[in-house]
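**Q** Dropping the structure in here first, questions after.
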Amino acid sequence: MSLRGTAVGQNARFTDKQAKLLRTLKFPSVYATRVDPSRVNLDVMREWVDARLVELLGIDDDIVAQMVFEYLDSPDPDPRTLHINLVGFLEDKTAAFMKDLWKKLVSAQNSPEGIPAELIDAKIKALHDQVHSEQEALRRIQPAREFRTTANEYHSLPPRPAFPRRPAGDEPPSPQQRSERPLESPPRRREQPLEASPRRRRDPRLRSRP
C-alpha cells in the first residue's frame with residue numbers, strides 16, 4: 001500500500017487559515033510593490049539571504065533558506081504568503097527580515113545589473129577599505145624596505161683597491177721578534193771638556209782649581 005501526502009495548497013484548513021491571516025495581519029507598505037524575479041540577479045540575492053538568515057538564527061538553516069529561494073523563483077512571488085510561512089521559523093524577526101528582503105528586491109529590479117544599490121555601495125566600501133588597509137601596510141613597511149635596499153646597495157659596491165704590498169724583507173718585525181731581539185744600550189755621549197771662563201784665565205789662584 002502506497003502512502004500519499006497532502007500538499008499545503010490542497011489542505012482546506014490551512015488555506016482558510018492563511019486567507020484569514022492575509023486579511024487580518026498588517027504588512028509593511030513595501031509589499032505593495034510587485035517584483036519581477038527575471039529582472040533580479042538571484043545569485044547575489046541568495047548570498048545575501050544565506051548571510052542574513054545565519055545572522056538572525058545563529059545557524060545555517062537550509063530549510064528556511066530553500067523556502068525563501070523557492071518563493072523567489074516563482075514568476076509572481078507574494079511577499080505576504082512568504083511572510084506568513086516564515087513566522088514559524090523566524091518568529092518576531094520575520095517582519096524585519098521580509099521588509100529588508102523586499103526592499104532589496106525592489107531596488108534590484110530597478111538596477112541595470114539586477115543588484116540592489118545598497119549591496120553595490122557596500123561592495124565598493126569594502127574594496128575601498130581593503131585598498132586603504134593595503135596602503136597603510138605598505139606605508140608601515142616602507143622604511144624597512146628602504147633600509148634593506150640601502151644595505152643591498154652597500155654590499156653591491158666594488159671592492160676597495162688593495163694597498164701595494166711591502167717588498168720582501170721590508171716587513172716590520174712581529175711582536176715576538178721584537179721581544180726576542182736583545183736590548184741595545186743607547187750610545188754614551190762623549191763629554192766635552194769645560195772651557196775655562198775668562199775670570200779663571202786671569203786669576204792665577206783659580207787656574208789650579210778644577
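**Q** Kindly indicate which of Leu90, Leu101 is open to solvent by less than 20 Å² (accessible area, probe 1.4 Å), at pLDDT 90 or above and within 35 Å of the chain's Cα centre (by Cα).
**A** Leu101
**Q** What are the pairs, 6+ residues apart or on separate chains, where a residue within the range 87-107 that is without any contact (Cβ under 8 Å) to a residue 24 or more places away in the chain has its Cβ under 9 Å from a residue that is among the acidic types (Asp, Glu)?
**A** Ser107/Glu118
**Q** Could you give me the residue pairs with C-beta distances under 9 Å whose first residue belongs to the range 128-148 and is part of a helix (DSSP H, G or I), whose second residue is open to solvent by 100 Å² or more (accessible area, probe 1.4 Å) and at pLDDT below 70 wherever it lies, and which are 6+ apart or on separate chains?
**A** Listed pairs, sorted by first residue: Leu138/Arg145.
**Q** Of everything in the range 18-71, what is of a type in the set (S, T, N, Q) and within 15 Å of Thr94 (Cβ to Cβ)? Give them in sequence order. Don't jump to the end; show me each part of the working.
**A** Of the range 18-71, the ones of a type in the set (S, T, N, Q) are 18, 24, 29, 33, 38, 41, 66.
Within the range 18-71, Gln18 is the sole residue that qualifies.
Residue by residue, here is whether (1) at pLDDT 60 or above; (2) under 16 Å from Gln109 (Cα atoms); (3) surrounded by fewer than 10 Cβ atoms within 10 Å (Cβ to Cβ); (4) within 53 Å of the chain's Cα centre (by Cα) holds:
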position	(1), (2), (3), (4)
Gly9	no, no, yes, yes
Arg13	yes, no, yes, no
Gln18	yes, no, no, yes
Leu21	yes, no, no, yes
Phe27	yes, no, no, yes
Val30	yes, yes, no, yes
Asp36	yes, yes, no, yes
Leu42	yes, yes, no, yes
Asp50	yes, no, no, yes
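The values are calculated or read from the model by the stated rules, or taken from the named source; none is laboratory data. Because the structure is a prediction, the values reported are computed rather than measured. Positions of Cβ are generated from backbone atoms using ideal geometry, with glycine treated the same way; all protein chains shown enter the neighbour counts. Just so you know, the surface numbers come from the protein's heavy atoms only, side chains and all, with ligands and any DNA or RNA stripped out. Shrake-Rupley method; radii C 1.70, N 1.55, O 1.52, S 1.80 Å.
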